[in-house]
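The values are calculated or read from the model by the stated rules, or taken from the named source; none is laboratory data. These numbers were taken from a predicted model, which means no experiment stands behind them. Cβ atoms come from the backbone with ideal geometry, glycine included; neighbour counts cover every protein chain shown.
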Amino acid sequence: MRRNQRTTLIARTLAATAVIAVAVGCGPQGGTAGAGAPATPGSPSASASSRATPSGPASASASPSDDGKPAGKPAASGSPAGATAGPAPKVVMAAGSKGAQVKELQARLAQIGWFDDTPTGTYGAATTAAVKGFQGKRGLPATGSTDTVTWDRLLGMTKKPTADELAGRAVNKPVTKLDARCMTGRVMCISKTSRTLSWVIDGHVQSTMDVRFGSQYTPTREGVFSVFEKSRDHVSTIYHTAMPYAMFFSGGQAVHYSSDFAARGYNGASHGCVNVRDKAKISALFDQVHIGDKVVVSW
């Protein structure tokens, strides 16, 4: 009897030792502990490892991590695996920033159609949204904060703002080529970059006028359209404001004269329409444009 009890005790001891050896030989999934480091007793990782352990010791280099990739040497804290070494872009301005540089940022964004308000020097929601749009259009991380990469890209695309631009009285618009879709037929060729409307017939510009667009909350649609309705003395049924010389091209969006644009310039924005500042020019254009003429709105 004593011999049998001793044999049973030895067998139980050996079994317990084997279980402990298996637990110590397997690191937790995800590679958070080094190969061969014991899991914390009673933790989910420890119990899962002991249940899933194959016979024989596991190789640390072949053990899968939580994302299914081989678990190798852990990446340095804060650095994604496989990232190229080098300094990260430094944030130059962000929400809450104030000062002359923010005003310059806003004026430069206005030059390429991303900022429609008066430069204030305060980095608020409108500036954040404008920066996000600028970044996303160019494949940059759309953080809304102006880092060194975003700032350098903007500097390369714009000119130093004038005093009038910084005050919101004017926009120094870069010269742009006509969109290729404007080169045939009768076209109102509208560029958000240069903020101009060019009346083009068979590739020849007949007249050009300043325009402004909707804000980021009510953007002017981009694409190829056609004039489907004209209304010389139109009044908006939604906003109850005058829209003289309206030429509708997409739903409720139209090219029309804006007395507000004439008075305040780029300090304001439309609800999605293409506002024209010069009443004489839009009046002449209204008489020349026919129903069915093409409208191209592009960057």
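How many residues does region 125-152 contain that are within 22 Å of T220 (Cβ to Cβ), exposed (fewer than 15 other Cβ atoms within 10 Å of the Cβ) and not hydrophobic (A, V, I, L, M, F, W, C)? Count: 3.
Restricting to region 116-146, and then to whatever is in contact with a helix residue (DSSP H, G or I) (Cβ under 8 Å, 6 or more places away or on another chain) and part of a helix (DSSP H, G or I), can you tell me which residue is farthest from M157 (Cα to Cα)? The residue in question is T127.
When residues in region 258-291 are screened for being within 29 Å of the chain's Cα centre (by Cα) and farther than 16 Å from S191 by Cα, 6 of them pass. Residues that are in a loop (DSSP other than H, G, I, E, B), among the small types (G, A, S) and either closer than 29 Å to A126 by Cα or in the same structural domain as T118 (by TED's automatic domain parsing) (or both) within region 246-299 comprise G251, G252, S258, G268, A269, G272, listed in sequence order. Screening region 208-241 for residues that are farther than 19 Å from T193 by Cβ and either in a strand (DSSP E or B) or not assigned by TED's automatic domain parsing to the domain that holds C273 (or both) and picking the one that is nearest to the chain's Cα centre (by Cα) gives S226.
The combined condition, being surrounded by fewer than 18 Cβ atoms within 10 Å (Cβ to Cβ) and in contact with a Ser or Thr (Cβ under 8 Å, 6 or more places away or on another chain), is fulfilled by S207.
Pairs meeting the criteria (first residue in region 193-204 and in contact (Cβ under 8 Å) with a residue 40 or more places away in the chain and buried (at least 21 other Cβ atoms within 10 Å of the Cβ), second residue part of a loop (DSSP other than H, G, I, E, B) and acidic (D, E), beta carbons under 8 Å, at least 6 apart or on different chains) are lacking. Remark: R186 matches the filter, which requires a residue to be charged (D, E, K, R) and farther than 26 Å from A100 by Cβ. State which residue is nearest to the chain's Cα centre (by Cα) when the search covers only region 183-196 and only residues that are in a strand (DSSP E or B) and closer than 15 Å to V224 by Cβ. Of everything passing the filter in region 183-196, S191 is nearest to the chain's Cα centre (by Cα).
Within region 120-144, residues that are at negative phi reach partners that are among the aromatic types (F, W, Y) with beta carbons closer than 6 Å, at six or more positions or on different chains, in the pairs A130/W114; A130/F115; G133/W114; F134/W114. For residues that are of a type in the set (S, T, N, Q) and surrounded by fewer than 17 Cβ atoms within 10 Å (Cβ to Cβ), scanning just region 227-268, find the one that is modelled with the lowest pLDDT. Looking at residues that are of a type in the set (S, T, N, Q) and surrounded by fewer than 17 Cβ atoms within 10 Å (Cβ to Cβ), I get N267.
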